[in-house]
């Protein structure tokens, strides 16, 4: 079982931002730290933490915290 806090910690680590900046409205390029390079790092961290492989189409769609959660659901990962 995974928690929303774990996801937020992954975002904070990958984007080098404080965990309190990981909010529901966080989206790709909404902050300078979430650029193309950190996006790839985020994907790598998500794949490692949840032991999944994310398809290229999903990677391109993962442009917000909510869309990342949607992708995790496709892999049967529910956050509590």
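The values are calculated or read from the model by the stated rules, or taken from the named source; none is laboratory data. Since the model is a prediction, treat every value here as computed from it, not as a measurement. Please note: Cβ atoms are built from the backbone with ideal geometry, for glycine as well, and neighbour counts cover all protein chains shown.
What to note about this one:
- Members of segment 32-80 that are in contact (Cβ under 8 Å) with a residue 40 or more places away in the chain, farther than 19 Å from residue 19 by Cβ and either out of contact with any strand residue (DSSP E or B) (no Cβ under 7 Å at 6 or more places or on another chain) or surrounded by fewer than 13 Cβ atoms within 10 Å (Cβ to Cβ) (or both): 78
- Scanning segment 6-22 for residues that are modelled with pLDDT under 95 and within 15 Å of residue 45 (Cβ to Cβ) yields a single hit, 19.
- Looking only at residues of segment 1-19 that are farther than 23 Å from residue 77 by Cα and exposed (fewer than 14 other Cβ atoms within 10 Å of the Cβ), we find that the one that is farthest from the chain's Cα centre (by Cα) is 18.
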